[in-house]
Amino acid sequence: MELGRLEYLQALVTEFQVTDSTEAKEQVLANLANFAYDPSNYEYLRQLQVLDLFLDMLTEDNESLVEFAMGGLCNLCLDKTNKEYILEANGVEPIINCLSSSNEETVVSAVTTLMFLTTPRSRAQTTALPVVECMLRFSLSANRRLSNLASIFLQDYCTPPQVEEARNLSRHTAVGIPLPKD
Amino acid sequence: AADSSGAPGAPCRHHAQLGACESRAKYREGWRPRAVKVYTINLESRYLLIQGVPALGVMKELVEQFALYGAIEEYHALDEYPAEQFTEVYLIKFKKLQCARVAKKKMDERSFFGSLLHVCYAPEFETVQETREKLQDRRKYIAKATNQRDCFVLKKVEGPKKTPSKNSEQDCPWNSLGSHVATNWDPSCFTSSPGVSHNIAYPSGNQNESLLTSPHYDNNCADISGYFGQNTSLTPSVHPGGHTPPTSLMQQRMVPACNGIDRFMPRTTHLQERKRKREEGNKFSLIGTSEDNTEVVIGPQLPEIPKVDMDDESLNTSATLIRNKLKEVADSVSTSVEKPESSSAKPLVKQRRRI
């Protein structure tokens with residue numbers, strides 16, 4: 001296919017918006033999420049509002065769509081412009097909600113994305129008490145990928161008092177973000 | 001999957017080989033059938049799990065085959081991992097993520113001693129520190145690729161860990177960029193992303209632009225030599241299609257590596273280097289054409305006479321560095337004019353200016 005890069009991505013986005021087929025939607029979203037891995041595509045993806053698309057998909061019922069969208073965000077959120085855009089668009093909240101997904105990839109992408117989105121400004125949100133508490137539990141998981149990421153979150157993005165506070169809280173209550181089903 | 005605990009050595013959901021997607025629309029059908037899967041930095045890993053290895057005592061041959069893609073740090077059989085009859089499962093740990101990526105792409109679904117290999121990442125084998133470094137490398141790569149960070153800062157971050165082997169790991173982002181070029185020209189690679197079984201083929205000509213990042217002003221010779229060492233192996237696979245990036249990679253090889261104390265030269269951009277060489281081309285008979293990548297400009301070349309001699313080597317170095325930086329800033333205005341010239345195949349022929 002001799003389409004230019006922008007035209008190609010545009011075609012993907014259009015297909016996503018127009019198609020009735022769930023299967024096609026999933027394929028296209030996965031495709032876009034993979035494109036989001038490569039910084040040379042970021043300008044185009046922003047132009048085509050794919051960031052908003054990913055954020056919108058986080059609240060879908062379809063588990064695959066959520067998984068792929070979360071992966072897409074994880075892939076592109078390190079870029080400064082993308083990061084600011086996601087933070088401005090109040091993206092942290094739906095991402096935190098993804099921590100309670102039963103889909104392993106979704107959860108793992110969400111943990112990493114929260115780390116990548118943590119800035120001096122956003123850390124009040126990304127390292128809020130319920131999140132830290134959740135990470136504490138994740139750090140004890142038998143799932144190595146999850147426990148590694150959670151450990152890094154606690155060690156590198158939280159202060160010892162924050163971790164201590166969360167530890168105290170979890171001793172007393174069961175309130176918080178549930179663990180994903182194993 | 002039967003057991004998706006995510007513990008190392010146990011079958012994980014992300015090891016499962018998904019069926020290829022049959023229903024893609026024509027315009028986004030790739031060259032090879034691919035499954036619907038999203039690759040993130042969490043999924044990729046230096047650790048590869050290889051299933052379907054015939055139980056014929058061929059571990060040595062297997063490792064040799066994978067070693068073609070890069071240095072291997074560890075390997076062993078995974079005896080507890082469920083395997084099909086008459087096959088074995090192996091774990092191979094590459095020194096660099098980028099090598100694991102390429103190895104996976106090339107070896108997955110490849111026939112090996114009559115059996116079809118299934119290769120996937122095994123991030124669950126990583127230690128916390130390995131995962132941490134993986135994420136940090138990804139951060140650095142993005143910062144570099146999107147020009148959002150000062151090169152100096154990049155090096156400083158790695159400061160305390162500086163050893164020769166570590167330096168080449170620092171250059172990981174560069175490696176990724178380098179192999180963008182290699183893989184772009186590889187007819188069997190169709191991914192828009194640096195890697196693996198992604199969904200679609202895209203002839204990514206535009207990607208080359210991301211390779212021309214800001215110059216690295218770096219006082220550490222070893223870093224650059226290591227980088228060039230790695231690039232040397234990459235450039236042969238690049239087809240000289242007259243595009244700027246392959247040329248620039250070859251050109252960077254021309255910057256004299258540190259192979260003598262008295263030959264220390266501060267780093268300059270490749271454009272500046274070419275300009276300097278063109279200006280001094282007549283003086284030094286040993287300098288070949290800039291396009292001649294078989295002739296490296298090292299050797300009995302007359303040392304550059306410092307413009308300001310401050311009678312102190314380190315002061316002279318600093319002065320030259322500052323001077324070059326000023327030159328670079330001044331040159332950045334004329335860069336757009338330089339570019340068409342640098343992409344021409346015969347620099348000694350009269351330059352054509354792009355209108």
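For segment A:128-173, with the dipole built from +1 on Lys and Arg beta-carbon atoms and -1 on Asp and Glu ones, taken about the Cα centre, which of A:Val132, A:Val163, A:Ser147 lies farthest toward the positive end? The Cα lying farthest towards the positive end belongs to A:Ser147.
Accessible-area rank, largest first, for B:Lys325, A:Lys83: B:Lys325, A:Lys83, with all protein chains present and a 1.4 angstrom probe.
What total accessible area, in Å², is buried where chains B and A meet, using a 1.4 Å probe and rounding to the nearest 100?
Working: alone 19530 and 9810 Å², together 24940 Å².
That pair hides around 4400 Å² of surface in total.
Here segment B:45-125 exposes an accessible surface that is 54 percent carbon and sulfur, computed with a 1.4 Å probe and the other protein chains kept in place.
Beyond 18 Å in Cα-Cα separation lie the following of the pairs A:Lys80/B:Lys37; B:Lys93/B:Lys134; B:Lys105/B:Lys140: A:Lys80/B:Lys37; B:Lys105/B:Lys140. GNM remark for chain A: springs join alpha carbons under 10 Å apart, and the peak mean-square fluctuation among A:Thr106, A:Thr118, A:Thr159 falls on A:Thr159. So, R0 is 41 Å and r is the distance between the beta-carbons of B:Glu74 and B:Ala20; what FRET efficiency does that work out to, to 0.05? Efficiency, rounded to the nearest 0.05: 0.85. With a simple spin-label model that places each label point 7 Å from the Cα along the Cα-to-Cβ direction, the separation between B:Gln129 and B:Ser332 comes to 3.8 nm.
Find out how many positive minus negative residues lie around A:Thr159, taking Lys and Arg as positive, Asp and Glu as negative, among other residues whose Cβ is under 15 Å from that of A:Thr159. Provide the component values of the computation, followed by the final result.
On the way: positive: A:Arg123, A:Arg167; negative: A:Glu133, A:Asp156, A:Glu164, A:Glu165.
Neighbour charge sum, excluding A:Thr159 itself: -2.
Please label the shape of segment A:128-173 as rounded, prolate or oblate, based on the square roots a ≥ b ≥ c of the eigenvalues of the alpha-carbon gyration tensor (a/c under 1.5 means rounded; beyond that, a/b larger than b/c means prolate, else oblate). Oblate is the answer for segment A:128-173, as a/c is 1.5 or above yet b/c matches or exceeds a/b. Ignoring ligands, DNA and RNA, what percent of the accessible area of segment A:128-173 is carbon or sulfur (1.4 Å)? In segment A:128-173, the share of accessible area belonging to carbon and sulfur is 57 percent. Between the amide H of B:Val89 and those of B:Leu78, distances stay under 5 Å, these residues lying 5 or more places away or on another chain, with hydrogens modeled in the peptide plane.
Once backbone amide H atoms are built at 1.01 Å from N, B:Phe112 has B:Leu117 as its partners under 5 Å, excluding neighbours fewer than 5 places away on the same chain. A loss of 40 Å² or more of accessible area (1.4 Å probe, protein heavy atoms, ligands and nucleic acids excluded) relative to the isolated chain is seen in these residues of segment B:33-57: B:Val36, B:Val38, B:Thr40, B:Asn42.
Beyond 31 Å between alpha-carbons counts as too far, so tell me which of A:Lys83/B:Lys327; B:Lys104/B:Lys144; B:Lys144/B:Lys325 fall in that bin. Each step should come with its number before you reach the end.
Working: A:Lys83/B:Lys327 34 Å; B:Lys104/B:Lys144 25 Å; B:Lys144/B:Lys325 19 Å.
In this structure, A:Lys83/B:Lys327 exceed 31 Å between Cα atoms.
Determine the sum of side-chain charges near B:Gly52: Lys and Arg each +1, Asp and Glu each -1, restricted to other residues whose C-beta is under 11 angstrom from that of B:Gly52. My count for the surroundings of B:Gly52 gives -3.
Roughly speaking, what % of Cα-Cα pairs in segment B:45-125 are separated by over 17 Å, rounded to a whole number? Roughly 35 percent, once rounded to a whole number.
The values are calculated or read from the model by the stated rules, or taken from the named source; none is laboratory data. None of the values given here were measured: they were computed from a predicted structure. Positions of Cβ are generated from backbone atoms using ideal geometry, with glycine treated the same way; all protein chains shown enter the neighbour counts. Only protein heavy atoms, including side chains, enter the accessible area calculation; ligands, DNA and RNA are left aside. Shrake-Rupley method; radii C 1.70, N 1.55, O 1.52, S 1.80 Å.
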